[in-house]
Amino acid sequence: MNTKELLKQAKSYIRSEYYSYFELYCEKYKINTVERISHFLSQINYESNYMKSIEENLNYSAERLLKVFPKYFKNIYEANEFAYNREKIANRVYANRIGNGDEQSGDGWRYRGRGLLQLTGKNNYLEFSKWYNDSKIFVDSPDLLLQPQFAVLSAFFYWDTHKLNDYIVNNANQAIVCEKLTKEINGGLHGLNDRYMLYLKIRSCYE
């Protein structure tokens, strides 16, 4: 099967507003085998809640903040000051890393996760801009990643520049492949089992 035929088999895992961009970019960036498409779609669908959320939520209670971001909140009293304030949370947890300025700079909120793979941080927005057209387009206008074309393309950018196809070998243990991909995308292993179960579901489209 060619790439378009492979995508058609997994069409139920691609929302209609994004489908034409997958057809365009999967071949261009060599996500064009059963295993590559299955892993790519599983990671994207996990990160974006089945392509329904292309902007990071960050709407956390104080209790949830302590569980998700224990490094940034010392106790429940401090967490209460940030609870359900998305902008304030982003500016705290993303400050002084991934190219962002300090908490007062507003970069954490400005460059919060967007797109199908939740591109996060000023450095990533800058690299995406350079990769796209050697500019600062997404640094200057980060909400462009909420448009269907760039929501999709940002995921291909991350996959391509991090050479994630190189992890995917047909005869490899695909659970281990999923673990490696998750580390590259998430920075940890958050949701690993769910990502792998999703991979298996998508992979079954080709059986």
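Bear in mind these aren't lab numbers, they're just calculated from the coordinates by the rules spelled out. Just so you know, these numbers come straight off a predicted model, no measurement behind them. As a convention, Cβ positions derive from the backbone with ideal geometry for all residues, glycine included, and neighbour counts pool all protein chains shown.
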Kindly evaluate ARG114 against the criterion of being of a type in the set (Lys, Arg) and either on the phi > 0 side of the Ramachandran plot or under 13 Å from the mean Cα position of the chain (by Cα) (or both). yes
If I ask for residues that are crowded, with 21+ Cβ neighbours inside 10 Å and either under 15 Å from the mean Cα position of the chain (by Cα) or hydrophobic (A, V, I, L, M, F, W, C) (or both), which ones from segment 27-50 would you list? ILE31, ILE37, HIS39, PHE40, LEU41, SER42, GLN43, ILE44, ASN45, TYR46, GLU47, SER48
Quick one: what pairs do we get from segment 74-92, first residue of a type in the set (S, T, N, Q), second in a loop (DSSP other than H, G, I, E, B), C-beta under 8 Å, 6+ apart or different chains? ASN91/GLY106
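Does segment 1-47 hold any residues that are of a type in the set (Phe, Trp, Tyr) and without any contact (Cβ under 8 Å) to a residue 40 or more places away in the chain, and which are they?
Within segment 1-47, just TYR19 meets the criteria.
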For segment 172-202, the count of residues that are crowded, with 16+ Cβ neighbours inside 10 Å, of a type in the set (A, V, I, L, M, F, W, C) and within 20 Å of TYR50 (Cα to Cα) equals 6
Set ASN80, ASN133: member being of a type outside the set (Phe, Trp, Tyr) and either within 25 Å of TYR60 (Cα to Cα) or within 16 Å of the chain's Cα centre (by Cα) (or both): ASN80
Only helices (runs of 4 or more DSSP H) wholly contained in segment 36-134 count here; list those with 2 or more residues that are among the basic types (Lys, Arg). 62-68, 86-93, 122-133
